[in-house]
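**Student:** Let me begin by handing over the structure; questions about it come next.
The values are calculated or read from the model by the stated rules, or taken from the named source; none is laboratory data. Given the structure is predicted, the values throughout are model-derived calculations rather than measurements. Ideal geometry is used to build each Cβ from the backbone, glycine not excepted, and the neighbour counts take in all protein chains shown.
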Amino acid sequence: MQVDGRNEPFAVNNNMNPVYKLTGLVILLFAVLLAFNYVTDDDFLLPGKYATDHDDDDDDERTGQSSVSIIDGQVAVRIDQETQVQANIQTTRLETSEHNNEIHAYARVLDIQPLLDWWSRYRAIQTERKIAGTAVQISRQEFERLKLLRSEASNISERQLQQARLQWTNDQSSLDATQHKLKDIRIQLIQGWGNLLADKLMGDEKFSARLFERTSVLLLVILEGNAELPDNTNTILINEQGRDRTLAQEAYFLSPASFPDNQIHGRTYLFHTSTSSLRAGIYLDAWIPSGNEITTGVYIPPEAVIWYADKPWVYIKSGEDKFLRRDLEEYTITRSGWFVKQGYRDGELVVLRGAQMLLSEEFRWSIPDEDDDP
């Protein structure tokens, strides 16, 4: 700008619009404040900073409620009493127990249609025998009556007596034939199913009725390889494959089987169990007591077990606010729970309810905060 013929670069133009002056002053003030903020690093112009600090305060507050550490190689989760109550964490005390060792085997539900066909023939022959037996009794009585009359009054001819004897003989022959049929059909049953099952079917009407009315099923139990059924085994446990072991039901010994399984190589035995829900042909898991061998350990309730990384784990409460995650290395699933013979002590408190919440809490603390420096 020229003033009195001279250039004055900082001279103020009094004719400038007041709005422009005010706008310029606001811009200048904001630039000064930004510069001050950068130098002091107070970030008081950034409202988001306050929100972040507030979140950190919340994290600090949560840290007072739970934390994760490593104790003797085990992951420990600390949860305060109030949070335990809110999460409904419940425990039960482990007790030392004895467990009969078991052999794992397989069982197949047998199709009894061949037995049903045999049973129909057997019952038909039984009816024939009953009719023949009645006929023999009648014809024999008739012969004895005529023989007595002839000896007393001599009014019975020899021809009548001979005809009565012939009828008796024919009826007896029919009875003998039905007896042979019964022997033959029993031999057929023995050849296919064994002597003990044949005796059971022909001598125990209640057993036969349950079997053919489908309130009981026959099982072919297979012990793989060269394993044999332990002596004096009368009862085993069976369940559908993949089902809860604790829901297994009992099956009862009948006899060694006279035929193998089509798919699994090994010795075979016949058992029966009371059920109507098992379909013919399906395979089951079977657990057989292995003699008198007894192992000492503890039973872990099934509801206490959680799975992580394809392994079963439980949480043990080792203090008022401390829970240790411990794995199950060697275990046997039984109807009483998961039996383990080492790694757990009598009197320890295992988390019965809330274990999944503890696992979630543990891994919540293993995830770094997105605002943490790498």
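**Student:** Could you check segment 286-299 and list, in sequence order, the residues that are in contact with a Phe, Trp or Tyr (Cβ under 7 Å, 6 or more places away or on another chain) and not hydroxyl-bearing (S, T, Y)?
**Tutor:** Listed by number, the residues that qualify are A286, G297, V298.
**Student:** Looking only at helices (runs of 4 or more DSSP H) that lie completely in segment 157-256, which have at least 2 residues being out of contact with any Gly (no Cβ under 9 Å at 6 or more places or on another chain) and surrounded by fewer than 12 Cβ atoms within 10 Å (Cβ to Cβ)?
**Tutor:** Qualifying helices (runs of 4 or more DSSP H): 158-193, 205-212.
**Student:** Enumerate the pairs (first residue in segment 317-336 and touching a residue at least 12 places away in the same chain (Cβ under 8 Å); second residue anywhere and among the hydroxyl-bearing types (S, T, Y)) with beta-carbon separation below 7 Å, excluding pairs fewer than 6 apart on the same chain, so at least 6 apart or on different chains.
**Tutor:** Pairs found: K317/T91; F323/Y315; L324/Y315; L324/S318; R325/Y315; R335/T246; S336/Y299.
**Student:** Determine whether segment 112-124 contains at least one residue that is within 27 Å of the chain's Cα centre (by Cα) and either at pLDDT 85 or above or closer than 24 Å to L211 by Cα (or both).
**Tutor:** Scanning segment 112-124 turns up at least one residue that is within 27 Å of the chain's Cα centre (by Cα) and either at pLDDT 85 or above or closer than 24 Å to L211 by Cα (or both).
**Student:** Note down all Cβ pairs under 7 Å where the first residue falls in segment 271-286 and is part of a strand (DSSP E or B), the second is surrounded by fewer than 12 Cβ atoms within 10 Å (Cβ to Cβ) and of a type outside the set (A, V, I, L, M), and they're at least six residues apart or on different chains.
**Tutor:** Partner pairs satisfying both residue conditions: Y283/Q241; L284/Q241; D285/Q241.
**Student:** Right, next: F259 is checked against (1) assigned to a strand (DSSP E or B); (2) touching a residue at least 60 places away in the same chain (Cβ under 8 Å) and fails just one. What number does that condition carry?
**Tutor:** (1)
Condition check ((1) among the aliphatic types (A, V, I, L, M); (2) modelled with pLDDT under 90; (3) under 16 Å from T96 (Cα atoms); (4) in contact with a His (Cβ under 9 Å, 6 or more places away or on another chain)) across all residues:
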position: L324; (1), (2), (3), (4): yes, no, no, no
position: T334; (1), (2), (3), (4): no, yes, yes, yes
position: V340; (1), (2), (3), (4): yes, no, yes, no
position: A355; (1), (2), (3), (4): yes, no, no, no
